[in-house]
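Only the coordinates and a few stated rules stand behind these numbers; no lab work does. This is a predicted model, so every value here is computed, not measured. FYI the Cβ positions are ideal-geometry reconstructions off the backbone, even for glycines, and counts take in every protein chain you see.
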Protein chains: 2
Amino acid sequence: MATSEKAAYDALPYPRVVVVGGGFAGLAVVNGLAGKPYKVLLIDKQNHHCFQPLLYQVATASLGADSIAHPFRRTVGPMSNVAFRMAAVKKVDPANKQVITDRGTYDYDILVLATGTVTNFFGMEDCERTAMQLKTIGQALDIRSDFLQEFETAVALDDVEEQRRYLSFVIVGAGPTGVELAGALAEIKRSVVKHEYREMDNETMQIVLIDSNDKVLKNFNEASSDRALTYLQELGVNVRLNTRVVGLEDDELMLNDGSSIRTNTVIWAAGVRGASVPGMEAAMDPRSGRYRVDPQNAVEGMPDVYAIGDIAAMRNEEWGDGHPQVAQVALQQGDHLVKNLVRKAEGKEALPFTYKHQGSMAVIGRYRAVVDLGQRSFGGFFAWLVWMFVHVVQLVDFRNRFMVLFNWGWKYLSWRNTIRLIIRPYVRRTNIRLR
Amino acid sequence: MATSEKAAYDALPYPRVVVVGGGFAGLAVVNGLAGKPYKVLLIDKQNHHCFQPLLYQVATASLGADSIAHPFRRTVGPMSNVAFRMAAVKKVDPANKQVITDRGTYDYDILVLATGTVTNFFGMEDCERTAMQLKTIGQALDIRSDFLQEFETAVALDDVEEQRRYLSFVIVGAGPTGVELAGALAEIKRSVVKHEYREMDNETMQIVLIDSNDKVLKNFNEASSDRALTYLQELGVNVRLNTRVVGLEDDELMLNDGSSIRTNTVIWAAGVRGASVPGMEAAMDPRSGRYRVDPQNAVEGMPDVYAIGDIAAMRNEEWGDGHPQVAQVALQQGDHLVKNLVRKAEGKEALPFTYKHQGSMAVIGRYRAVVDLGQRSFGGFFAWLVWMFVHVVQLVDFRNRFMVLFNWGWKYLSWRNTIRLIIRPYVRRTNIRLR
């Protein structure tokens, strides 16, 4: 039976669509093309979709990995015209219409690049070597292990100055990820450290949030930024604006004002760049690493290649060189591309993409959030409820939704981040040349 | 406040009990001594208790790590006379009554060793180097990553013989762990591989269970062993009894009958030995690695040192040199030691331990188990319900219980092992000298 199903897939008389990357954008394309007259192959280097907006909750021990991850094969399993390959793309060959991976070479009639972003260290090699990141579940678990290891080391020390080094957590970049991480760590200081590490003073722990801008959440409106700053300060986060990192050596983080912070943990959330693929250089904006696309998301000068989501840079009046690199754009561009591909199959022409911005939000600490709707903005507990609702309904399946809700409910009742497990100890890299 | 709480703990005028190891035995002692006139320090190299009987379900993607793990600090946090240190014991110094760890040296008045077991490779270095184990959550996640990686590699291959190497899973040792793993993998073959890896024939996957005895579950009664063997064979497990492994080189597992199996995955569940600690050699049975204890669990010739659970070997009429190395013994010896320590504090003499064997059980495949009550035994769906009930009630807290029940319910409804995530790819070690 399996063999005949494979034969059935192979024999589909449809154009072959290869989708690279199963984030919000890629998965929207796969879901949209299920049952449509296309033979689809999804390629991702992970075997699962990761719901990135909640990664920081995995990093801070509120959610387990399986609450926000979903195996791709669970999604595509029931789709008779979709297959999946777990593979790392080594190169795209637009001339021969091929994608070359570590698992084999795949021909395409239509290529959809949805590879997302990687962390941007802006050329600071010492930070790239030593600082932690938050782009994958593995990295989130590293952060979880790290902060728990710092606690366990600090609690066995007698000297408060020594303790402070282990208990200083520095987050670089006050975008949503940095703000949400800082807020969650501040809550851990007030609940977990205070009550379950009684041998030390929880005030020894400090959370520093650094940003080179003069406000946090720089892409939000003024009211939301101000509100977020207030919330962070109320939680005891040391917010240092107009401040840049100039170097990181061992446990010394150097800042542009001449000061430095002794810390074991620097989390880098200061920016991203497009996760570009070899072979596509001609269409890449070298500054952002994103691919220039037309209003139909077709990559400039590359026939039958589309780029969607974070990796795509579509010029538009409202946002300039490209849309914000957020889930909403990825989902909308994915859905729009599906619409255009279906129109194409029906012999109709493609329609231009227009982005409907529905607002931005970020959660700060336990039960507060800011919601920015452009003109209007609001915050507090109600904003947190809105944030929660919006995130839960976006999760891939019922199981994920239920797991997230149960764990949030549990945290609400227990006032503790429960999943404080060091499964794989994190080993910090310092002064080691990686390449 | 934190500082005064520390001072309060330090000032407790009670004898200091150091408990090494927070498995079933050690945790029973900690729970029992909470609020009693002892100053207790729990030392473990992990920061969490692991419910080992369900480890195989983490390895086979039915449960997430946080369903069966519980941070020690959540347990001891509310206990004013108990502290926790995450530390690896380097040595015990019975003469000076000290435990030396990588985080510091701790004095004891009473030492409780509950270090459990490590995998026993019986001197086969090639197996120790290359075979997988199932003693910790990290190892369980390695097995999960490994089998998923084998699937993803196999599905991209055209040659069926090559596929078979990646899809041959060999388990050495048909005790409860081996039997349960084999059954779970057989279910994955029938559900996951058949429906979500449609490009290949699920019959290419084979599960081989090897044991040198002439029956599976050798410590169970005849009826249970026979029933388990039948269940395994019905699930398509290739059970090879009276068979011993003689070598493992790269992907070639050599057996004592001259045959060999090409496989990428050998899981070693063939035996354990005591996780002994340097400094305690005089009391160790060199064959089993366990410490000889008297009927009060006091280690022979070591004043004020107790050994409980798997690491203890108490001579007794029914079981010979030591009790079976199972959770029941550990829990009962832990509880009994608490009783004796409380008696000691009250000036009463210690009572001898007697083990009440309540039966053995093992689950095979999805909804069947065998239950061995000594004289009587039963199997099938009802046995599985009993197995499920007994395991759920033993989990540490409500959250763990709920998570396990929800995930089992979900699996029941979806017929799939859901948590099929490769978070950290597993890298197999071959032909590399570890020491």
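Taking the C-alpha atoms only, the angle from helix A:222-234 to the longest principal axis of chain A is near 40 degrees. Restricting the calculation to Cα atoms, every distinct pair contributes to the Kirkwood radius of the range A:145-231, found to be 13.9 Å. Placing a label point 7 Å from Cα along the Cα-to-Cβ direction at B:Pro352 gives distances to the equivalent points in the other copies of 9.3 nm, listed shortest first. Scalar couplings 3J(HN,Hα) for the range B:73-86, obtained by applying the Karplus form with A = 6.51, B = -1.76, C = 1.60 to θ = phi - 60°, are 5, 5, 6, 8, x, x, 8, 6, 9, 10, 10, 10, 10, 7 Hz; x denotes Gly and Pro. For A:Met132, the residues 5 or more places off, or on other chains, whose built amide H falls under 5 Å of its own are A:Val266, A:Ile267, A:Trp268.
With the alpha-carbon atoms of the range A:1-151 aligned to their principal axes, the span from lowest to highest coordinate is 58, 34, 24 Å, starting with the largest. In degrees from 0 to 90, rounded to the nearest 10, what is the angle of the helix B:380-394 Cα long axis to the longest principal axis of chain B? Long axis of B:380-394 versus the principal axis of chain B: about 30 degrees. Of all DSSP-defined beta bridges confined to chain B, some 50% are antiparallel rather than parallel.
Partner chain Cβ atoms within 10 Å, averaged over the residues of A:47-56 - can you pull that number for me?
Details: counts 10, 6, 0, 2, 0, 0, 0, 0, 0, 0.
Averaged over the peptide's residues, the number is 2.
Taking a ≥ b ≥ c as the square roots of the eigenvalues of the alpha-carbon gyration tensor, chain B is classed prolate because a/c is 1.5 or more and a/b outweighs b/c.
Under the criterion of Cα pairs below 8 Å and six or more residues apart, the relative contact order for chain B equals 20 percent.
Chain B comes nearest to the axis taking it onto chain A at the Cβ of one residue; that residue and its distance, in whole Å, are B:Gly64, 2. Taking θ as phi - 60° and the Karplus parameters 6.51, -1.76 and 1.60, the scalar couplings of the range B:241-246 work out to 8, 6, 10, 10, 7, 10 Hz in sequence order, x denoting glycine and proline. Values of log10 I(q)/I(0) for the range A:219-324 across q = 0.12, 0.18 Å⁻¹ run -0.67, -0.94, by the Debye formula with one identical scatterer at each alpha carbon and no solvent.
Note on the range A:162-272: dipole from Cβ charges, positive end direction compared against A:Asn202, A:Asn221, A:Gly178; the farthest Cα belongs to A:Asn221. Each of A:Glu152, B:Glu346, A:Glu317 has some number of other Cβ atoms within 10 Å of its Cβ, and from fewest to most they run A:Glu317, B:Glu346, A:Glu152.
Here the sum of -39500 (n - 2.57) over DSSP H runs of 4 or more residues, divided by the residues of chain B, equals -10000 deg cm²/dmol at 222 nm, to the nearest 500. Legend: Rg and Dmax of the range A:125-270, from Cα coordinates, 14.7, 45 Å. For A:Lys36, a cut-off of 19 angstrom between C-alpha atoms picks up these lysines, skipping any fewer than 8 places away in its own chain: A:Lys6, A:Lys339, A:Lys344, A:Lys348. Cβ crowding within 10 Å, taken as a proxy for footprinting-reagent exposure, orders A:Trp319, A:Trp384, B:Trp268 from fewest neighbours to most as A:Trp319, A:Trp384, B:Trp268.
The Rg/Rh ratio of the protein assembly as shown, with Rg taken over Cα atoms and Rh as the Kirkwood radius over Cα pairs, comes to 0.98.
Provide B:Cys50, B:Cys127 in ascending order of the number of other Cβ atoms located within 10 Å of each residue's Cβ, fewest first.
Ordered from fewest to most neighbouring Cβ atoms within 10 Å, B:Cys50, B:Cys127 come out as B:Cys127, B:Cys50.
Measure nothing but the geometry: give the 0 to 90° angle between the long axis through the Cα atoms of A:176-188 and the longest principal axis through the Cα atoms of chain A, rounded to 10°. Tilt relative to chain A: about 40 degrees.
Annotation: lysines with alpha-carbon distance below 18 angstrom to B:Lys91 (same-chain offsets under eight excluded): B:Lys45.
Taken one residue at a time, the phi angles of the range B:280-296 give Karplus couplings (6.51, -1.76, 1.60, θ = phi - 60°) of 10, 4, 4, 9, 8, 7, x, 6, 9, x, 9, 8, 6, 10, 7, x, 9 Hz. Gly and Pro are set to x. Taking 25 Å as the straight-line reach from the Cα of B:Lys218, the lysines in range (excluding those fewer than 8 positions away in the same chain) are B:Lys135, B:Lys356.
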